[in-house]
Amino acid sequence: MQEEMVKNEKAKIVSEMAASVAHEIRNPLTTVRGFLQLFGSDDIDSAKKQFYQKICLEELDRAQAIITDYLSLAKPDPEMIEKIEINAEITYLSNVLLTYGNFNNIEIRQDFLPDDSLAIVGDRYKFRQALINIGKNAIEALQHGGLLEIRASSSNGQIQIVIRDTGIGMSAEQIKRLGTPYYSTKDRGTGLGTMVSFGILRKMNGKIEIDSELGIGTEYRLTFPLAE
Ligand code: ADP
Ligand code: MG
């Protein structure tokens, strides 16, 4: 009964999300279509053409960013439940984040669990998406360089993952809005990353705690039950 309710609730959230993401992607596509049509007319000069092209590229980038942030929830495969070894995931996450942009002076520090076999339970690919979305925000908060730490620890039948950056930080007001759809303070943000992450982590019985201070940095603490 309880399980059935959770399942229905989940299906509802995913379908609402899909509708709203489809809507957000349709907007840029409509814009691009309109400009491509204008492109075909004889009486536009090259300055205008360049302007239209710039907008088209920006709109396509936006559609792509939305799809990237939303990727795993939109994936139709049934949810996999498997053991996820945390040390391997920390290595994976660090490698992915290293490829994000040319970062000036960002140091990534890692701290591993004492045992590579320590694991939590969930869908590995969704879990990766959740951590990447959080890590990407940390990288984006480090515009002027700094430290990104990814640490794991284990105690009392739980595993805690800490993702901490010394970036721009958030106000209390900003923290409150985290995880709500389309909330973004970035020029080209989607405001979907944290919403997707939190959805995935909560489904894994993960607890999410956030500390942040403007100009100091941000710490995400994610706590999960240890796999048997
Ligand atoms: P997006 O990254 O597209 O803006 P997100 O949902 O990933 O959307 O994040 C929402 C907002 O939360 C960001 O625009 C930013 O203002 C804030 N935020 C999230 N993580 C951090 C962080 N580590 N440091 C500073 N701000 C953050
Ligand atoms: Mg983001």
*Scan of segment 202-221 for residues that are hydrophobic (A, V, I, L, M, F, W, C) and within 13 Å of ligand 1 (Cβ to nearest atom), ordered by number*: I208, I210, L214, I216
*Quick one: which residue in L142, L131, L148, L201 is within 17 Å of the chain's Cα centre (by Cα), under 29 Å from I55 (Cα atoms) and hydrophobic (A, V, I, L, M, F, W, C)?*
L142
*Any idea how many residues of segment 142-163 are within 16 Å of ligand 2 (Cβ to nearest atom) and surrounded by 19 or more Cβ atoms within 10 Å (Cβ to Cβ)?*
3
*Is it true that some residue in segment 100-118 is of a type in the set (F, W, Y) and surrounded by fewer than 16 Cβ atoms within 10 Å (Cβ to Cβ)?*
yes
_Quick check on E89: is it closer than 17 Å to G157 by Cα, more than 16 Å from ligand 1 (Cβ to nearest atom) and out of contact with any His (no Cβ under 9 Å at 6 or more places or on another chain)?_
no
*Select from segment 165-182 the residues that are within 16 Å of ligand 2 (Cβ to nearest atom) and in contact (Cβ under 8 Å) with a residue 12 or more places away in the chain and list them in ascending order.*
D165, G167, I168, G169, M170, Q174, I175, L178, G179, T180, P181, Y182
*within 16 Å of ligand 2 (Cβ to nearest atom), under 30 Å from E58 (Cβ atoms) and modelled with pLDDT of 95 or more, is that true of Y220?*
yes
*Residue check, S212 against (1) of a type outside the set (D, E, K, R); (2) within 16 Å of ligand 2 (Cβ to nearest atom); (3) closer than 22 Å to V21 by Cα; (4) buried (at least 16 other Cβ atoms within 10 Å of the Cβ), all met but one. Which one?*
(3)
_Contact list please: Cβ distance under 7 Å, first residue in segment 107-130 and touching a residue at least 24 places away in the same chain (Cβ under 8 Å) and more than 11 Å from I86 (Cα to Cα), second residue in a loop (DSSP other than H, G, I, E, B) and hydrophobic (A, V, I, L, M, F, W, C), pairs at least six apart or on different chains._
G122/I81; G122/M204; D123/M80; D123/I81
*Being among the basic types (K, R) and surrounded by 16 or more Cβ atoms within 10 Å (Cβ to Cβ) narrows it down to one of K207, K176, K186, K203, so name that one.*
K203
*Among the residues of segment 156-177, how many are under 15 Å from G135 (Cβ atoms), near ligand 1 (Cβ under 6 Å from one of its atoms) and not in a strand (DSSP E or B)?*
1
*Restricting attention to segment 188-210, does a residue exist that is touching a Gly at 6+ places or on another chain (Cβ under 9 Å), closer than 24 Å to N87 by Cβ and assigned to a strand (DSSP E or B)?*
yes
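The values are calculated or read from the model by the stated rules, or taken from the named source; none is laboratory data. On a predicted model such as this, the values are computed, not experimentally measured, just so you know. Neighbour counts run over all protein chains shown; Cβ positions are idealised from the backbone, glycine included.
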